[in-house]
Each structure stands twice: as C-alpha cells, then as structure tokens.
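Structure first, then comments.
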Amino acid sequence: MNLRQKLLLMFSVTVVGLVVAVAWIVSLRVRRVFEGIDQQQTAALVSQFQREFNRRAEDTASALDRMAASDAVKQIAFELGNGGDASAYLQAALPLAQEYRLDYLELVGHDGSIISSFQWTARFGYREPAIAGAGQPAFLKQEDLPDGSSQIGMFAVRTVPGSDPPLYVVGGRQIDASFLRDFPTPAGTQVYLYRNLTGSFDAQNFGAAAGDPGVARFRPVVDEARNTGKNATGVVYVTRQRADSVDASAIPLRGLEGNVLAVLVVANSRRGMVEVQAHIRDVAFGVAGLGIIFAVLVSLWIAVRVSRPIEELARAAGAVAAGDWEARVDIHSRDEVGALARSFNNMTRQLSEQRDRLVQTERVAAWRELARRLAHELKNPLFPLQITVENMVRARRLPAREFDEVFAESTATLQTEIANLKTIIGRFSDFSKMPKPQSIEMDAREAVWRVVKLYSPALEEKHIQMGTSIGSEALPILGDSELLHRALSNLVLNAMDAMPEGGTLTISVARAGEMARIAIADTGTGMTPEERERLFTPYYTTKQHGTGLGLAIVQSVIADHNGSIAVESAEGGGTRFVIGLPLVEEKIEA
Amino acid sequence: MCLGGLLVPSARAATWEQPALDLARQIAALTGPGPARLILENASTLPASEIPVIRRLLEQDLHRLGVLSGGSDSATLIRVTLSENLQGGLWVAEVQEGTEMRVSMLPVPLAPAAPSGNGGTITIRRTLLITDDAPVLDAKIFVTGGVQRLVVLEPERIVTYERNAAALGTSPWIQDQSFPLTHSRPYPRDLRGELVAAMDPVFDAWLPGVNCRGAESNAGVGTSLAVTCADSDDPWPIRSGQKAFFNALRDNFTGVLAPGFGMDLPPFYEAGELPHETGAAMLLTLVDGRVLLMDAGVAKPVAGANDWGSDFAVLRSGCGSGAQVLVSGSGAAAAGDSLRAWEITGREAIPVSAPVSVDGVVTAIWPSTDGTSATIVVRRESPLRYEVWNGSALCN
Amino acid sequence: MARRFVISAVLLMVALGAQARTRPHYGGTLRIEIQGDPWQMPDGLARRLVLDTLTTVSETGIAQPALAVRWTAQNADHRWEFALRSNVHFQDGTPLTGESVVLALHDVCMHSAAAPAIACPWRTVRAVGDSIIFVSDAAVPDLPALLAQEAFAIARQDASGAVIGTGPFRVTGFANGALVLAANDDCWAGRPFVDSVEIHAHRTVRDQWLDFSVGKADIVEVPPEMIRQAQQQHLNVLVSRPVDLLALTVAPNGSFAGREMRQAVALAVDRTALSNVIFQKQGEVTASLLPEALSGFSFLFPTERNLDRARALRGGASPPGLILSTPDASATMHLAAERLALNLHEAGFAVQVAGTGLPAALTLRRLHLEAASPAAALDEMLAHFGQNGTVTATDPASLWQTERGVLDDETIVPLLWLPRAWAWGERVRDLGLSPDGAPLLADTSLEGAK
C-alpha cells in the first residue's frame, strides 16, 4: 500500500468515523428526545386511563347507589324484612342488572347468603364475602362464573337504605376487552387487561387478547407489576421489528384485600418514534455517505497534494538509487514537503558532487594503483634488465670469451625479461580492450559443459575432484559464449589456485526463477570479509603474481549479460561464486 | 235459621282396632317379643285427635304380642308413620335394630271425611240423600204403593233405593233395583237428565235422545219397578204445560217449545215456572248467559242475575213472595260453588238468602215433584264422588 | 308429600268451582300453546285428543272403562280379557272392532322396539269377537291401569297416512301455523264442547305467555318454577299433582364405577334448595321414584343432604373433568344442573355443566309419570331407566322392596317431583287435568260460545 493509499485510507477512516460518530450522537440524542416525549405521552395516557378507571369505578358505585335507593330494591328489602320468602327473588337480579347495565349483580341477605345472582343464578344460598366492602368505593373483585372461568369486575357493595335486617346489593361491571374498548384510546395505543388468576404468568389470562401473539412479551412488566404491586414500565418488542415495539406500562389493580387481581397494560406504540428515528438515521446515514464520498474525494485530493511531492521525492530517490545522480524534484510549496524537496535536491546535488569527487578520487586511486602495478610489474623485469646491462658493461672488460658467454647469457636474460614485459603489457592491453558481448541465444548449460570439459584434465593433475550438477532442463540465455567461457574459466582457475593442495570443485547450473543460476564452489581457504568486499575491484589480487584483473573481467562480462555475480565465502570455508543470467523463456516458447 | 246436614260419625277406636292389630302383628313378626321404643308420626290427613287413639291401640296390641313399647332406651326402634296415598291410608312401620332396618306396610281405608254442611246462619236447608261414585243426573223420591223410593238417574242406569219405613228420615238408603239404560247415540259430554213424576207410569226419565219410563210392576214379590227405555227425540216437559225440544248434541233446549208462546225463544238451559199474583211467568237461563222472564208473551231480561248459574229450581216455599229461585252461583272462590235463593221482583233478581257453600261443583238442580224443594247434585273431588242433596228454603 | 297433593287438589277444585256455575257452552275454538310436539310419543297433546285408550284411570289410579267397558283377569293375572264398548266408531266412520284394536296394539309394540321406554307387557294379544285377550308370561296385575297409558292408545291410519282414532277430536290440518283439530260429533264419550282446538306447538314459554297476555292463546303452559309468579299475577292456574320426576343418573363406570362414589353424589345433592328456590317451592323433595301421595312410602327414602359423609365416601378421590349434562334444554333445567354441580363441587367433585354432546358421567333428567297407581307408576318409572317388568306385585311393601332394590345401586338419584300447570284465559271454562297433568280439552268449553 503506497503512501497515497495510506493517506486516503487514513483520511477516509477519520472522516467516516467522524461522520458516523456525529450521526450516532445525533441519532442517540434524537432517540432520547423522542423517548422522553414518548414516555411523557405514555405517562399521560396511563394517567388518563387511571382517571377513566376511577371514573368508571365511580359510575359503578353510583349505579349501585341508585339501585339500592330504587323503589324496586326497597320493596324487596321491605318484603324480606317482613318475613318475605327470599326464594321468590331468585331471578330478581336479572331485570335490575339489565336496568342498571351491570354485568354482575347479587342481592345478598343480612347473613351474607346470596338471594339472587345475575351472573350465576345457581349460587343462591352461598356466601358472598364481598359485603364486607359495603359502603366503600368501588373495588376490584374476582368473580367465578358457572362455566368454570373467572373474570375480574369492578364492584361496589351497598346496603339498601332502611332495610332491616340489611339487604345488600353487590354489583359490578366486567373488566374485559369490551370494558377497555370504550376507553378513549389514542391511535397506536393498546390497552390490555391481564387477569391475575394464576400463580405464574399465563398469556391466556389476557382474555380475548390472548390470541395476540405479542401479549406474551409483556411478561416482564406484568410480572414486575404483579410481584411488586407497583407500576412497571418498559419497552416491549412485540416482534423482531424494532418498529413493533411499545412503551408498556403495567398498572396493578388491587382487590378489596389489597391483592393484585389484575394488571392493566397500557402499550403505547413506538412505531412513530422508531420511524422518525429511522428517518433521521437514514438522513444522517445519507448525509454521512455523501460526506464520506466527499471526504474520500477530499482525502484523495489531499493525499495527492501531500503525496505527490513525496512520490516525486521517492521517484527521484529511486532514480538516484538507480544511478541517476542528476535526479531532481520540483518544488511546489514552501511547506515541509517543499523543504524536503529542497533538501533532497541539495542532497542529490551534493551526492553528485561527492560522486564526481569520488570518481575523481577513485580514478586517481586507480591510476595510482595502475601506476603502482605498472611500476611493480615493470620494475620486476626492469631490475634484471638493469643488472644484465650493467653485467654486460662490466663484461666488456672481460675476455671476449668470457664476454661472449656473459653476453650470450645477458642477451638471453634480456630477451626473457623483455618477453615478460610484453606479457605484462599485453595483459593490460587485453583488459583495456574487453569487447562488447555478441549475444546470441544459447543454453547456459553449454557454457558450463565447455569449461568442465576443458579443465577436467588439469583438475585431475592437481588432485582436485570435479563435481557437476547440470539439469536436463534447457536454460536459454542471451549470451556471448566466448566471453562467458572466459569468465567461467577465470573462476575455475581462481578455484584451482585456491586449492593448491587439492580439493573439490563443484560446478552447477539450474533454473532459479527467471534466472539461470551457475554456481562454482571450491573447498579452498576462503576469504575474509574485507577480501570479499574488494574482490571485484580491478587490479586487486590476493595472489603474488596476479594482476587483479581476472574477477574484474568476470564481473564485467556478467554485467554485460545483464546478470549478477555474488560471492559467498568464509575464511577457511571455501568460496562459492553464484552467477545469475536472465532466461529468455518467451523466445524459447516461441 | 236452621242448618241441615248429615253428621258422619267420627272415626273412633272401633275404626282403628283392626288396622292397629294387623300392624302390631306385622311389627311383632319383625321384632319378636321384647322391649322396643315406639314412635308414631302422622303424615296423613287424619285429624290429630285420632292419633292418640291409634297409638293407644297399637301399644295395647303390641303389648299383647310381647312387644313392650315402653322402653325408651331400647335398642329396637319402631317408627310408625301414618301415611296415605291416593288409594287410602298406608301405615308404615320401620323397625330399626342397630343399622338394620326392616319395613312393614299396611294399607288402611281412610276414614270418610265429614262433609261440610256447616256455615252458620243460612236460609237454605240441605239434606244429603245419597253419595254415589258414579255421576248422578237426578234423584227424586217417589212414593208408589206406600213405598218410598229414591230413584237415582245415572248415565248408564237407573237405580232405586229403599229404606226402613219404620225409621224414616234416619236410616240410610239401601239399593233395591238397577236398570241399565240403552242408547244408540252417544250422549253429549255434559250429560243432563231429569226424572219427572207421572201418574202412570210412576216417572219418566228424560235424557238426551232417550226416554225411559218407570212403572210399577207386580211381577216379583211385593211392589217393584220396571223401567223401559227407548230412543226418543220428544220434547221434555217443562213447566206450565210446555214441552221443550232438547238438543242432544249441545246439551241444551233448542228454544222450540210445544205448544209454545207463538214466538221463537233463544236456546236455553233451564226453565222454571215462577208464580205471581196474576198467574205464572217462565224463567229461562239462556245459553248466552242471560236470564229471561217470559210473562204474558213478553220476554224480559232479568237484571241482577249476572252471577247466576245455568241451573236453578223454583221453590214454592210460601215465604216472601211465595216462590224463590234456588240458583247455583259463585261463592267464595276457595269454597267452590254455592247455592243462593233469589226472588224476582219486577225485572230484577234480588238475593234473599246468604250463599251457602257446597264444597263442590253443582252439576244439576232439579225441582222436586211437589215443587217445594229441589234436588241438588254436587260433584266433589278427592276422592271423586257425587252427593245428592235435597234443598229447600226456610222462612225466617 | 300429601300436603302438596292437597294443595293441588284445592287448586283444581278452585279452578273447577269458579267456573262450574253455568253449564258449558258449545262452540268456539280453543287455542292452546305448548313447548313440545303435539304428536310426540307417547303423550303428545294431539294424540290425547284424537286417540282413546281401552281404559282410563281415576285420580286414585283405579282403571275406568273407556273403549273397554269391563275386564276380567284369569290365570293369576296372566290372562286378561277386555270387553270392547259397542257402537264406537273411528273418526272416519269405521267401526271399532276387536281386530282393529289388536292391530293398533301390535303397531304400538312394534314401535316400542324402536322406543324401549314403551314396552308391551303381554306376550300375545288377540281378538275374539268384541273381546280382547291378553296373555303374558308373567303376571300383570295392573294391566288395566297400564292400558290407560297413552302409549297404548288405539289408532289407525287412513289411506293418506293420517292418524285416526276414536277420540273427541279429529285432525283437519294446519292453519296459521297451528295444528287444527275439529270436534268429533260422534264421539262415544260425547261431543266435545268446543268446535275446534288449535295447537300451537314448539312455542317457548315466553312466547306462550306473551300470546296469552294479548289474548292470542287461551291455555298456555306454566312451568313449575313460574307457578308462583303466575299466581302473583293473578292468572288462572291449574296445577296438577306431581307428575314429573327430576332425577340425576350416574353412569356406573369410569369415575363412578364404585358404589360409594355414586353414594357420595347422592348425599351431596341439596334437594331442598332445588325445590325451594329454583322450583319456587312447587316441587316435592324426594329420593323415591314415586311421589309420596301416590305411594305413601316415599318418606322411607331419606332425602337429607350429608356433605361430610359424601366427602368421606369420596375418600379424597378427585375425578377430573366430570360432565353433568341434561337433555332438557330449558333454562331452569340448566340452572338446576348448575346448582347440582355446585353441590357436588362442595363435596369435592369437579363437575362442569355441559351440553349433551359430551359423554357425561352425570345426567339430569326430567321424567314424566303417566300412571296413577303405585304399581303401574313404578313400572313406568323403571321402564324409563330400562328396567322393564320388574314390578310383579302391587302391594306397597313389595313395591317398596322393588324400588329399594333399584335405588340401592345409587345410579338413580331422584331429586324432586314436579307438577305440571296451565294458565287459562277468562273465556275458558271447566278446564280439568288428567291424572298426569294434561289438560282435558274435550271437557273444556269457552265462555260466550253458543
């Protein structure tokens, strides 16, 4: 990943993060605001329901008051008080309940036994403990019904005025779906009644609403209200859809003895709020998306702005590294990058100058080395030549014969030494006259085979064992076979020189990726790191009679073939030269 | 004022002796001799006054059979319940020894209930002539050959009764003869029939579609009666020498009289001759409920007769205007039908007696042969029986 | 017990007495409304009016002549000979003969194969001239009384399939939704007073009372529980003696396979509350298959409730899902069933009242009693429970032994004896009731008719 990408990524992540954070904060804030409003609305609804509930309780109590004071009931009380037969009033509750629109009505005698029951006619004669609540405000009561079910009702108990013995009317209205249906319920608000008929939560106790699959999810608030006897609130997710959630308020409804008989559940739909939230979120996300795109573009622009000089710097640095010491970058700004570019330009300029100076120095040093070599090489034959000439001068005083002898010997010596000089001069001449390779497509293995064949006899004489590893796979290269042969020969000769006492020479050639790799290894004395450092320096040699040009020639040849050469050596551990030559796969395939 | 009635002897010890003995025997057979505790309960309509009598008899009989009923702490409990059913009394003895319970039962005839004849001061005298299980249409006393006979007309027969001439008025009537009635056509559902005195034969019996003649017969030992019947559509004799045709299907007189008054009458149930100073008027109870007085060929509706029944009889009592009309009418609802004497003054019916309850349904009122009294047939329920009374009006 | 009967009789007398002052008028159409079917077997109202029986029974249960005028028993009540009344004709003019009677009785017995409640107590019946001879394998001492039951009414069918009898009315058809019967002028017992009778069948009591109140009906039914109300409204009410038995039957299997469990049920029921409240003191509390007034020994069967004993007999067992059903769909019967369920609930039985669709362990039934003699009545009641021919003697002790033997099994829990009652309008006169509570319309007349 390049710098621009990194910058882009960094900028994008930063911007996206910021946008998301802002959107989340906005969403959270909006949500809290809406929830606050929603809770206020729910609380208002609950309050309204409680007022309505209380109003209906008062209605029920009022109906009982009116009924107790009615002539019909007073007449019954009068007749009962005067020894009337209670059984005659078995059905008396029916018309009264219908007249006063009550779901439950019982006429109860002074001993608490039911005289007439509207809801369960057959219960006459049984006790009705609710008369303990005579005169009190309306209260809730659980009422058992003939079909085995139980219902919750809003009851009031009144004593018929003037009745002696007292006659009670116990009446009420059923609290069920129809009771709740008449509540002023705003749209989106549902009211449920959970009848606390069983020990554990049972959705069936929601009565007619039990078929609604969502009511079972009210269990937490209902249970809390049932167990604590206090209002409980909570968000209830009716389905997995967040919009199908409600703010549920569970209001425990208590009986005459304080026990929780029912729980009124006011469920205020959060759909509107959730939808507004979702809308805001969508808008936020849309804005964020656009922001992100914009941010990416901006980041891209910034990255380009920021990275372009650096890239130019990098490219220039690369050019410098590749040897283009003249590489420069344009300076577009006065900021740090501009300073960096100026510094780079200064650096490259200085490097160029230093290189020039180094080249100059090296050239001088090379010339000095050359001079030293030449001096050294030339001085060696010159000294015998000087001695011989001086001998011949002195021999002129000698007899002729002796002079002749000395002369003959001296000329022979002169010739020899002159021949040496020629040889030395030829070598330098050869180095200077290294030709450009005439590359043709050839198999790298052929060059190796040619060297192996050439030097096998000589190696045997010097008690050096030959090891070869040449694969069957063709290794086509573009090369000059003579130059390569000469380079490889130099390496083989160096190896032979490194193993005067014999050893093992291993030559191998194989494919290494896109390269043909030729390795020549000996088991000689090896090299020190310093020697390895200067190994390919011209005119550097560790041999007493070496010119120091052999490996320089090898390196030159390999470089001319776009190859590479490396040395691996440790002192006393032998030396291994590895040559890499680029393969020409495509041409072979062609 | 005089109350006429028949006193039924109270059920006394003699009535219960045999049932008590029978039950005691049954109990003794269950318990064997020994002490026992006796509980007697009355669950019947027997009057409470009878219970100590029955208890005493039972205890005596049980004691004679070895069952000592005095032991209040005895393990043997004898619970006797004097029950009854539709057929009569049923005495049930439960013998409990420990947890074992054995039961014995004895059907006992119910004592005849005393007829109600009381009523305080009344102006109508009633005398029970006879009680019959079968419906009675009419009953009258005829004297033939010095023999007083009570002839009772039933739907399917005519029965004659006689009683001991030496104890007239006190001895019961004993059935003498019975003559089946034959009729080819069905009777109407509300069957009526009347016995009418005749010179020869002794009486005529008129029923819907049937006429029977009862005449003296000397075929047997002493004087007896012979009755012959035949289908007949002849008009029935009513008062004032008039005869009226009877609708055998509708159980009323058609309104056609013979010889008649020269005018058509509406259908009527009963007709009676009401004497007055200048002659006699005919009183009619019409089918439509009105009461009509035919006098000198003029029909006048009678006012104040709304409560009249269909049957009446004119009694020549000599009291008041000389004749009263004995009419069945509405009394107190719970007491059943009642009888009341009325006089007709002008066009108005005026009650001249207090109503007398008859504890039943008056099914027929026919004037006696001499016109001074009337035969009253009352149907009583539980058990169903017909009582024949002779009613007359007494002057205050 | 007897007091109830006395009250009924008094009411009867009151009804008769208040109307018997004038002779009955002929004519008019009597309109009566009923809940049931007029042709229902065996005692539909139309059947009673169209058909006659060989005998009738008096209020005391004594057989009375009807189509048969006399009878004799032979061979220790194994053979009975009934002499037919002469000069009796069916409503189509066909004379009543011994053969026609035998044919009709054969039809009854064949029908009884499908309706087991009607069992013919003879092996053969044949006609010899005007005599009908019954021969049975077992003694039938109460055959004359049995033959008075409507099940043994003599009927024949004409070519169109219509039912023809010798009774006071004949069928003429339907008019305005009512079955119309016309008076039979040639009825052997006399032409009925009214010209016709209109029977509006399948009318609810509420509708009957409504029609009655607006003068559209002359006679309507008064259920026992409404007698009191009717009297308070000063309606003319005619109340029969107890003729309907309210009984709980316990299926002797499942939860109640054991007698003690059934006995627990019998001890748990509160008859007094049923009688006093639900049936407004019109019922006779009973544990017997016969009314006290009929048998005189019903008090021997205890009626007291013993809840503690019931619980002890139940022994802690709590049979689940017990169903109490009643084939009678009336609200009162349902109420009675609910009350019984409450009673049983107190004793620890979880009983639920349900319709007749479910298999019920307990069934509340209302059974009608037609017979008026103890033996025939016990025979009839036992036949209701599928026990025919159990009664072979007529003395009270034997009847009690027989009844006790049946009730000891505790599968039948008699509860109440109830009367039947009718309200009659002002223009109705001389309305009487048969011993089993049916209105005697042939003897009834209408005020204002000519």
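The values are calculated or read from the model by the stated rules, or taken from the named source; none is laboratory data. Computed from a predicted structure; not experimentally measured. All Cβ positions, glycine included, derive from the backbone under ideal geometry; neighbour counts span all protein chains shown.
List of remarks:
The rows are residues; the columns are (1) at pLDDT 70 or above; (2) in contact with a strand residue (DSSP E or B) (Cβ under 7 Å, 6 or more places away or on another chain); (3) loosely packed, with under 15 Cβ neighbours inside 10 Å; (4) not in a helix (DSSP H, G or I).
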{"site": "A:VAL337", "(1), (2), (3), (4)": "yes, no, no, no"}
{"site": "A:LEU340", "(1), (2), (3), (4)": "yes, no, no, no"}
{"site": "A:SER343", "(1), (2), (3), (4)": "yes, no, yes, no"}
{"site": "A:ARG349", "(1), (2), (3), (4)": "yes, no, yes, no"}
{"site": "A:LEU358", "(1), (2), (3), (4)": "yes, no, yes, no"}
{"site": "A:ARG363", "(1), (2), (3), (4)": "no, no, yes, no"}
{"site": "A:GLU369", "(1), (2), (3), (4)": "no, no, no, no"}
{"site": "A:ARG372", "(1), (2), (3), (4)": "no, no, yes, no"}
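- Cβ pairs under 6 Å, 6+ apart, first in the range A:244-263 and closer than 19 Å to A:GLY188 by Cα, second of a type in the set (Phe, Trp, Tyr): A:SER245/A:TYR237; A:ALA248/A:PHE218
- Taken over the range C:263-288, the residue count meeting the criterion of being away from every other protein chain (no Cβ under 14 Å) and part of a loop (DSSP other than H, G, I, E, B) is 1.
- Positions within the range A:480-490 being surrounded by fewer than 23 Cβ atoms within 10 Å (Cβ to Cβ) and either under 56 Å from the mean Cα position of the chain (by Cα) or touching a residue at least 60 places away in the same chain (Cβ under 8 Å) (or both), in sequence order: A:ASP480, A:SER481, A:HIS485, A:ARG486, A:ASN490
- In the range B:344-368, the residues that are modelled with pLDDT of 85 or more and surrounded by fewer than 20 Cβ atoms within 10 Å (Cβ to Cβ): B:SER368
- Test: residue in the range C:189-208 that is out of contact with any Leu (no Cβ under 6 Å at 6 or more places or on another chain), away from chain B (no Cβ under 14 Å) and on the phi > 0 side of the Ramachandran plot: yes
- In the range B:26-80, residue farthest from the other protein chains (Cβ to nearest Cβ) [restricted to those that are without any contact (Cβ under 8 Å) to a residue 24 or more places away in the chain and touching a strand residue (DSSP E or B) at 6+ places or on another chain (Cβ under 8 Å)]: B:GLU59
- Residues in the range B:304-325 that are under 23 Å from B:VAL362 (Cβ atoms) and either surrounded by fewer than 16 Cβ atoms within 10 Å (Cβ to Cβ) or modelled with pLDDT under 80 (or both): B:GLY304, B:ASN306, B:ASP307, B:SER317, B:CYS319, B:GLY320.
- Residue that is modelled with the highest pLDDT, among those in the range B:156-170 that are more than 16 Å from B:SER224 (Cβ to Cβ) and in a loop (DSSP other than H, G, I, E, B): B:GLU156
- Unique match (being of a type in the set (Asp, Glu) and touching a residue at least 40 places away in the same chain (Cβ under 8 Å)) among B:GLU343, B:GLU387: B:GLU387
- Qualifying residue in the range B:144-153 (condition: at pLDDT 90 or above and within 14 Å of another protein chain (Cβ to nearest Cβ)): no
- Residue in the range A:56-71 that is among the polar types (S, T, N, Q) and either modelled with pLDDT under 85 or closer than 18 Å to A:HIS110 by Cβ (or both) present: no
- Among the residues of the range A:110-119, those identified as surrounded by 20 or more Cβ atoms within 10 Å (Cβ to Cβ) and either touching a residue at least 60 places away in the same chain (Cβ under 8 Å) or part of a loop (DSSP other than H, G, I, E, B) (or both) are A:PHE118, A:GLN119.
- For the range A:203-227, a tally of residues being out of contact with any Ser or Thr (no Cβ under 7 Å at 6 or more places or on another chain) and either at positive phi or at pLDDT 85 or above (or both) returns 10.
- Residues in the range C:164-185 that are over 22 Å from C:GLU150 (Cβ atoms) and in a loop (DSSP other than H, G, I, E, B): C:ASN176, C:GLY177, C:ASP185.
- When the range A:79-109 is filtered for residues that are surrounded by fewer than 22 Cβ atoms within 10 Å (Cβ to Cβ), assigned to a loop (DSSP other than H, G, I, E, B) and away from every other protein chain (no Cβ under 13 Å), the ones remaining, listed by number, are A:ASN82, A:GLY83, A:TYR100, A:ARG101, A:ASP103.
- Qualifying residue in the range B:258-269 (condition: away from every other protein chain (no Cβ under 13 Å), outside any strand (DSSP E or B) and within 23 Å of C:GLY27 (Cα to Cα)): yes
- Restricting the first member to the range C:122-144 and to residues that are surrounded by fewer than 19 Cβ atoms within 10 Å (Cβ to Cβ), and the second to residues that are assigned to a loop (DSSP other than H, G, I, E, B) and of a type in the set (A, V, I, L, M), the beta-carbon pairs closer than 6 Å and six or more apart or on different chains are C:ALA139/C:ALA76.
- Which listed residue, of C:GLY215, C:GLY161, is farther than 24 Å from C:LEU364 by Cβ, assigned to a loop (DSSP other than H, G, I, E, B), more than 14 Å from every other protein chain (Cβ to nearest Cβ) and at pLDDT 90 or above: C:GLY215
- Contact map, the range A:516-528: first residue closer than 11 Å to A:GLU568 by Cβ, second residue in a loop (DSSP other than H, G, I, E, B) and acidic (Asp, Glu), Cβ cut-off under 6 Å, separation 6 or more or different chains; pairs are A:GLY526/A:GLU571.
- Taken over the range B:338-368, residues that are within 14 Å of chain C (Cβ to nearest Cβ), closer than 17 Å to B:ARG125 by Cβ and not in a strand (DSSP E or B) amount to 3.
- Selection of the range B:221-251 for residues being at pLDDT below 85 and either over 25 Å from B:VAL152 (Cα atoms) or surrounded by 13 or more Cβ atoms within 10 Å (Cβ to Cβ) (or both) yields B:THR223, B:SER224, B:LEU225, B:ILE238, B:ARG239, B:SER240, B:GLN242, B:ALA248, B:LEU249, B:ARG250, B:ASP251.
- Among all positions in the range A:127-148, there is no residue which is under 60 Å from the mean Cα position of the chain (by Cα) and buried (at least 16 other Cβ atoms within 10 Å of the Cβ).
- Just one of the numbered conditions (1) more than 19 Å from C:LEU246 (Cα to Cα); (2) in contact with an Asp or Glu (Cβ under 7 Å, 6 or more places away or on another chain) is not true of C:PRO359: (2).
- Taking the criterion of being within 14 Å of chain C (Cβ to nearest Cβ) and surrounded by fewer than 20 Cβ atoms within 10 Å (Cβ to Cβ), the residues of the range B:369-396 that qualify are B:ARG380, B:GLU381, B:SER382, B:PRO383, B:LEU384, B:ARG385.
- Of everything in the range C:397-450 that is assigned to a strand (DSSP E or B) and either of a type outside the set (A, V, I, L, M, F, W, C) or surrounded by fewer than 17 Cβ atoms within 10 Å (Cβ to Cβ) (or both), the residue that is nearest to the other protein chains (Cβ to nearest Cβ) is C:SER445.
- Selection within the range A:261-301 - assigned to a helix (DSSP H, G or I) and closer than 30 Å to A:PHE206 by Cβ: A:ARG271, A:GLY272, A:MET273, A:VAL274, A:GLU275, A:VAL276, A:GLN277, A:ALA278
- Among the candidates C:LEU245, C:LEU289, residue that is touching a Phe, Trp or Tyr at 6+ places or on another chain (Cβ under 8 Å) and at pLDDT 90 or above: C:LEU245
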